[in-house]
1. Would you confirm, using the coordinates I've provided, whether residue 91 is buried (at least 17 other Cβ atoms within 10 Å of the Cβ) and modelled with pLDDT under 95?
2. From the list 86, 138, pick out the single residue that is at pLDDT 95 or above, more than 16 Å from the chain's Cα centre (by Cα) and not in a strand (DSSP E or B).
3. Being closer than 17 Å to residue 120 by Cβ, at pLDDT 95 or above and touching a helix residue (DSSP H, G or I) at 6+ places or on another chain (Cβ under 9 Å) is the requirement here; does residue 79 meet it?
4. Just the residues that are part of a loop (DSSP other than H, G, I, E, B) and in contact (Cβ under 8 Å) with a residue 40 or more places away in the chain, please, taken from the stretch 48-83.
5. Restricting to the stretch 65-76, and then to whatever is surrounded by 12 or more Cβ atoms within 10 Å (Cβ to Cβ) and more than 13 Å from the chain's Cα centre (by Cα), can you tell me which residue is nearest to residue 137 (Cα to Cα)?
6. So how many residues does the stretch 98-127 have that are surrounded by fewer than 16 Cβ atoms within 10 Å (Cβ to Cβ) and either without any contact (Cβ under 8 Å) to a residue 40 or more places away in the chain or closer than 13 Å to residue 47 by Cβ (or both)?
7. Residues in the stretch 26-34: is at least one loosely packed, with under 14 Cβ neighbours inside 10 Å, farther than 23 Å from residue 126 by Cα, touching a helix residue (DSSP H, G or I) at 6+ places or on another chain (Cβ under 6 Å) and touching a residue at least 12 places away in the same chain (Cβ under 8 Å)?
8. Look through the stretch 37-61, keep the residues that are more than 12 Å from the chain's Cα centre (by Cα) and exposed (fewer than 14 other Cβ atoms within 10 Å of the Cβ), and return whichever of them is modelled with the lowest pLDDT.
């Protein structure tokens, strides 16, 4: 695993939001010690992967067992402030919608209480051949539970 993207401490859920900590390393930055813009996408991908793992859904099991994967269909990023070398960051993931074959999520990269980057994503469930597929029922139920933890059913 790339040390730069390894969690600095355990990740986990805080209510309906998943929190993934990461430290900024030298290799993440440009010559001025500022995080290179594309590395935020790597941090966000790692955070989503760990969120799914904490739900008991590893990407390899989803691909091998269900024959599907979640692919990014749309992603937009708004950069508010830069992260710098040695910063301790948190990637905060919140599910906005869970549909039959897709989901929408918001991810925020924060340093303390300051938002640095806001990402808005749409993920699509597809077969290994890249064709649209329904979310597996157990995965959809788990995603709905974290989107709305107070909902019974």
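The values are calculated or read from the model by the stated rules, or taken from the named source; none is laboratory data. Since the model is a prediction, treat every value here as computed from it, not as a measurement. Cβ sites come from the backbone with ideal geometry, for glycine too, and all protein chains shown count toward neighbours.
1. Spelling it out, it is not the case that residue 91 is buried (at least 17 other Cβ atoms within 10 Å of the Cβ) and modelled with pLDDT under 95.
2. The unique qualifying residue is 86.
3. yes
4. Residues satisfying the conditions are 55, 56, 57, 67, 82, 83.
5. Filtering first and then ranking leaves 66.
6. 7
7. Yes, the stretch 26-34 contains at least one residue that is loosely packed, with under 14 Cβ neighbours inside 10 Å, farther than 23 Å from residue 126 by Cα, touching a helix residue (DSSP H, G or I) at 6+ places or on another chain (Cβ under 6 Å) and touching a residue at least 12 places away in the same chain (Cβ under 8 Å).
8. The extreme case among them is 56.
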